[in-house]
Amino acid sequence: MMHLQLLAIAVISSIIFFLCRRRRLPVLLLDYSCHLPDPERRCTLDLFEYICLRSRLFNPESSSFMTSIFCKSGLSKETYTPPYLFQPPLLLSSKHPLAIQEAEEGLFAAVSSLLNKTDVPPEKISHLIVACSMFSPTPSLTSMLVRRFGFTDSVKTYNLSGMGCSGGTTCIDLATRLLSQNHGYALVAVTESNGINWYFGNDRNMLIPNCIFRVGSAAVLLTSDPTLRDSAKMEILHTLRTHHGTDDSAYKAGYQMEDADGNLGIAISKDLVRVAAVGLIRHVSLLASQVLPLSEIARYAFKVVLSYMTGNRKAIASHVPDFMKAFDHVCIHAGGKAVIEAMGKSLRLGNDVMEPARMTLHRFGNTSSSLVFYELAYLEAKGRVKEGDRIWMLAFGTGFKACTIVLRVLKDSSIDSANPWSHCVSRYPIS
């Protein structure tokens, strides 16, 4: 019955979408940059175990559990950890200055690289949007960037927090909505604060983030100036955001809380993979009407209706539209090894399609809201992004939220020295 309801939603949404489209300014993605931390910040298994032992706050069972998760996570020994974890003695260090340092290192490097690549002066930026889910200082992170780069008094700033791993794509959606109404430039900067949010307790559900979340930041420059089309890399075709927080299991799939001893951390529900799969089905049922060709919608509708009429309810659940009829590449949030596998299975996406997610998780870990941009950089470093290609960015966030960005490539990709994969892409993919 759910699939019939989703089919009806998709058909009705298709009709509304084509009838109600209104003229808006095209929004172009000029370029983007991803931060590559210093090599001395690499988080090997030996360093990870040393940090855990040095804190003296994890019991032997918790230490063994985290080591096991680390080894099964799909992360390599080349991911990066925040400066806070290098400070002895660990818990006596003042957290706030090191959280500021972590934010400055990532955001300053990504924004500086981006402005240099695009040769766009800060005075031209009309909108500045920053996402950092777990750290919201005063003055804000946008104020920190305004002060550092000298944006004008008229720049409109937006700080997004608590959005989880969907923060980056949510920023792109917001920037697109702002620029589609008026000519201008929007600078998006996304990061996460890992050090200040490390969990020092023994609740297993709250230990998992320590094992998979790593340092990463990205910056993206968008414009609605049509004269810059020849300079732009891509065009934003569609954005879609859905929120599934009315369901209790979805709302608490990733939940900040204190454990029994008062230690603050993020609890990852055992139900997370199921919640993500259900949210994904609902999200793509709306997306299908915007991106799939009518022939694929008709094929999917025919199969679902036929299975329903013949009483084959089990077959209904197995029918999934072929989204590769609409896209050439997919950058799906690599929240973890199990999440990648579940998303690929739910959408019937092959290993080759999910390769950017798996390789990015291996090389950089879960960098939260910036992760999909590291995946895009992987595709560009591999030389796979060609003019006319369509790219599907899909990210999930706590709450539970899902956000899609659809991009059309305007020129063939080429790897540059600022690409975070430039020195290691030849080693990938790995099995």
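Structure data summary
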item	result
Residue count for the stretch 341-363, restricted to those that are hydrophobic (A, V, I, L, M, F, W, C) and either without any contact (Cβ under 8 Å) to a residue 40 or more places away in the chain or over 20 Å from CYS403 (Cβ atoms) (or both)	5
Some residue of the stretch 317-329 being aliphatic (A, V, I, L, M), buried (at least 21 other Cβ atoms within 10 Å of the Cβ) and in contact with a helix residue (DSSP H, G or I) (Cβ under 7 Å, 6 or more places away or on another chain)	no
Matching residues in the stretch 177-210 - criterion: being in contact with a His (Cβ under 9 Å, 6 or more places away or on another chain) and at pLDDT 95 or above	LEU178, LEU179, GLY184, TYR185, ALA186, LEU187, VAL188, THR191
Matching option when the condition is among the acidic types (Asp, Glu) and in contact with an Asp or Glu (Cβ under 9 Å, 6 or more places away or on another chain), among ASP352, ASP412	ASP412
Residue within the stretch 353-367 that is touching a Pro at 6+ places or on another chain (Cβ under 6 Å) and either on the phi < 0 side of the Ramachandran plot or assigned to a loop (DSSP other than H, G, I, E, B) (or both) present	yes
Residue tally, condition part of a loop (DSSP other than H, G, I, E, B) and under 23 Å from the mean Cα position of the chain (by Cα), over the stretch 225-243	2
Verdict on THR152 being in contact with a helix residue (DSSP H, G or I) (Cβ under 6 Å, 6 or more places away or on another chain) and surrounded by fewer than 19 Cβ atoms within 10 Å (Cβ to Cβ)	yes
Residues being open to solvent by 70 Å² or more (accessible area, probe 1.4 Å) and out of contact with any strand residue (DSSP E or B) (no Cβ under 9 Å at 6 or more places or on another chain) - total across the stretch 248-262	4
One residue from SER76, SER62, SER68 being touching a residue at least 24 places away in the same chain (Cβ under 8 Å) and either over 27 Å from the mean Cα position of the chain (by Cα) or assigned to a helix (DSSP H, G or I) (or both)	SER62
Among (1) in contact (Cβ under 8 Å) with a residue 60 or more places away in the chain; (2) not in a loop (DSSP other than H, G, I, E, B), the one test that ALA418 misses	(2)
Failed item, numbered, when PRO137 is tested on (1) part of a loop (DSSP other than H, G, I, E, B); (2) open to solvent by less than 20 Å² (accessible area, probe 1.4 Å); (3) more than 26 Å from LEU36 (Cβ to Cβ); (4) not hydrophobic (A, V, I, L, M, F, W, C)	(3)
Residue within the stretch 62-74 that is under 30 Å from SER414 (Cβ atoms), in contact with a Lys or Arg (Cβ under 9 Å, 6 or more places away or on another chain) and open to solvent by less than 40 Å² (accessible area, probe 1.4 Å) present	yes
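The values are calculated or read from the model by the stated rules, or taken from the named source; none is laboratory data. All of these numbers come straight from a predicted model, not from anything done at the bench. For neighbour counting, all protein chains shown are included, and Cβ atoms are generated from backbone atoms with ideal geometry for every residue, glycine included. Areas reflect the complete protein model, heavy atoms only, side chains present, ligands, DNA and RNA absent. Shrake-Rupley method; radii C 1.70, N 1.55, O 1.52, S 1.80 Å.
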